[in-house]
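Notes follow the structure.
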Amino acid sequence: MTSRYHEVYAAGKADPETFWAEAARDIDWIKPWDKVFDAEAGVYGRWFAGAECNTCFNALDRHVACGRADQLALIYDSAMRGTVRKFTYAEMKREVVALASVLKNQGVQKGDRVIIYMPMVPEAVFSMLACARLGAIHSVVFGGFAARELATRIDDATPKLIISASCGLEPGRTVAYKPLLDGAIGMAHHKVGRCLILQRDQQRCDLVEGRDLDFADQVARERAAGANVDCVPVKATDPLYVLYTSGTTGQPKGVVRDNGGHMVALKWSMENEFGIKPGEVFWAASDVGWVVGHSYIVYAPLLHGCTTVLFEGKPVGTPDAGTFWRVIAEHGVVALFTAPTAFRAIKGQDPLGSFVPKYDLKKFRTLFLAGERADPPTLEWAERMLGVPVIDHWWQTETGHPITQNPVGLGRLPVKHGSPGVPMPGFDVQVLDDAGHPVVRGTLGNVVLKLPLPPGCLPTLWNADQRFRDAYLAEFPGYYKTADAGLVDGDGYLFIMARTDDIINVAGHRLSTGGMEEVLAEHQNVAECAVIGIADAMKGQVPCGFVVLNAGVNRDAVEVEREIVALVRDRIGAVAALKTVVVIKRLPKTRSGKILRATMQKIADREPWTMPATIDDPAILDEIAAALAGRGIGGEGAVVSR
């Protein structure tokens, strides 16, 4: 089909209020807005000022009332347990209403905060929606976060109640949540009066008398009593949730998401950007603790009347590199949204794609990648193996939905490998130099978004307007700073090359580590890679590459390293100054799959570093330090805070 993108984007840019008012017709409002956009409200303006609504009503109740009661709303597939549970819209509403009644009985009201510290189980989704039903503000904390990290979020959000579970399941281990929760509550200055604990059979826990309640018992009691809790009207500008993201000072930043603009933006994105029709099965292989889980496991698919998949497992090891294809085939998934890291892991374990033909993927039509840069070799591998369009796109926790995309629903544009597409309606993407001046097309610089941001983006940080201004708006007046570096080409496609702190200065040349990673990933033996800049007395910084080889590669590491150095010299030139490549067994990552480049750089430069709270396996950093020490880099002298 011919793409309508340019026409639609131009309309949104020329008259954003009319554009978003039209999109808002797909949402059920209790009271219409006084202004589509109030430029005088909040830090940079607020969308749908004066309107009243309820997000849970739009995600569940209206579908039950309008013919989707018996359609599947949620498929829970646990590769960890080998079980599947399914819930229709009517069944899901019953669960949410019963849980909302439990929360209401414990005194939770509109505007109260509830922290949700849960594994990937249906009850986590029910908890989010039950809060939304009551007008309470949920704050989901990634399950298994260290006690100190959870404590800082308790103190910042000051919740009335915490919903948690006895344990989470990871390949090869069970993570006890209750000791972490108890430790966090003990550390926090804000004292939580009540906790709801979901007991999982894999590891049950003791409940603290007078504070902890059994989740299942409480919900069953309300369900049996026929409890009914109506949706509470809230302002469109009231917070739906607070989601914490790491702060440079060590104090987490609470990203605020409102109710009205959030619903409008997500509902619009499902069909126009992702090309998904109501009733179809959509799968975002993320975690509810991250923004992707909030936006595209829970809210967007349900607002759109889709069936959403909640997956508890990993792309490899649960049990093999074919688990994604099994889930797609068994549940009739039409589109998968996951991180490039997941596909690099699959490619590393199954470079020939031998698991793909074992499953019936005839309903599957699009793969979406986001979360990290999608290096062209991985993207091309996925295209070859799956035979479907592979769409890279780019956004942030703060924006809540894609900034750039190749809009499948509006008609796909030509794919440019290495680019996450073109700006979506509402986003005016520009590239500025460090002084705030526009750069020539094709020139690397600071990627910024012209204010105001569209509906669905953060209006501020939780109880921290000034911190929001300082962190995002002050450096480039009139713009939101993404802290990403990139360029826009002559066709308007964005290329994100790195975080701005991943741009390295080699003898006066600003070079992108992301561009070098693309070249490393081209080598036929490389499954995953990362490039960091390390301090150099002569050149300021020099790049250092880390590579993980494909499964089954038994070549001499020195030979592979020599070939990669030559490849970079050929593709980028001597200016790249890449002379050190280290073959390692695995890269240090967060549990969401992001490579911990900044920590690796601190180890290499012998700078003080702190164990990242979200790290998947702390032992990997010791492996990195040992590998660097073997090359005379880093090693003794680093000050470590674990």
Practice task
Give me the percent of DSSP beta bridges within the chain that run antiparallel, rounded to the nearest 5.
Solution key: 60
Handout entry: Gain upon complete extension [E475, D15; 0.36 nm per residue less C-alpha separation]
Key = 162.9 nm
Handout entry: Expected-Rg normalisation [2.2 N^0.38 Å, Cα atoms] applied to the range 27-96
Key = 1.60
Practice task
For a footprinting-style exposure proxy, rank I30, I624, I162, I185 by other Cβ within 10 Å, fewest first.
Solution key: I30, I185, I624, I162
Practice task
With unit charges on the beta carbon (Lys/Arg positive, Asp/Glu negative), name the residue among A146, S78, P389 whose Cα is farthest towards the positive pole of the charge dipole of the chain.
Solution key: S78
Fill in the blank from the handout: In terms of the alpha carbon gyration tensor, root eigenvalues a ≥ b ≥ c, rounded if a/c is under 1.5 and otherwise prolate when a/b exceeds b/c or oblate, the range 545-590 is oblate
Fill in the blank from the handout: In degrees rounded to 10, the 0-90 angle between helix 147-157 Cα long axis and the longest Cα principal axis of the chain is 50
Exercise for the section: May I ask for the angle, rounded to the nearest 10°, between helix 177-187 and the longest principal axis of the chain, with both axes built from Cα atoms and the value confined to 0 to 90°? Expected result: 90
Handout entry: Share of alpha-carbon pairs per 5 Å distance bin for the range 114-186, given as whole %
Key = 4, 17, 29, 25, 17, 7, 2, 0
Problem - Cα pair distances of the range 366-411 binned at 5 Å [whole percent] - result: 5, 21, 28, 23, 16, 6, 1
Problem - Computed Kirkwood radius, in angstrom, where 1/r is averaged over Cα pairs of the range 395-524 - result: 15.8
Handout entry: Isotropic mean projected area of the C-alpha convex hull, the range 507-641 (nm²)
Key = 8.2
Handout entry: Helix-only CD estimate at 222 nm, as mean residue ellipticity for the chain, using -39500 (n - 2.57) per DSSP H run (n ≥ 4)
Key = -8000 deg cm²/dmol
Problem - Nitroxide proxy distance, nm - points 7 Å out along Cα→Cβ at H189 and C66 - result: 4.6
Handout entry: Taking W268, W609, W395 and counting other C-beta atoms within 10 Å, the order from fewest to most
Key = W609, W395, W268
Fill in the blank from the handout: For the chain, the longest principal axis of the Cα atoms and the Cα long axis of helix 260-272 enclose an angle in degrees, to the nearest 10, of 60
Fill in the blank from the handout: Net charge (Lys, Arg +1; Asp, Glu -1) of residues whose beta-carbon lies under 13 Å from that of L361, L361 excluded, is +3
Completion exercise
Rounded to the nearest whole number, the Stokes-Einstein translational diffusion coefficient of the chain at 10 °C and 1.306 mPa s (Kirkwood radius, C-alpha pairs) in µm²/s is 63
Problem - Pairs beyond 19 Å (Cα-Cα), from K104/K160; K314/K594; K347/K585; K277/K594; K93/K363; K450/K481 - result: K277/K594; K93/K363
Practice task
Restrict the search to the range 1-99; then list the GluC sites (Glu not before Pro) that DSSP places in a loop and that have at most 12 other Cβ atoms within 10 Å of their Cβ.
Solution key: E40
Fill in the blank from the handout: Listed with the fewest Cβ neighbours within 10 Å leading, R555, R606, R153 appear as R555, R606, R153
Problem - the range 239-313 and the range 1-67: distance between their alpha carbon centers, rounded to Å - result: 16
Completion exercise
Between N554 and Q202, Cβ-based FRET efficiency (R0 45 Å, step 0.05) works out to 0.75
Fill in the blank from the handout: So the pair-distance distribution of the range 1-67, from every Cα-Cα distance in 5 Å bins, comes to percents of 4, 14, 18, 19, 16, 14, 11, 4, 0
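Taken together, the values in this text are just the output of simple stated rules run on the coordinates, not laboratory data. What you see is a predicted model; the values in this text were computed from it and never measured. When we count neighbours, we look across all protein chains shown, and the Cβ atoms used for this are built from the backbone with ideal geometry, even at glycine.
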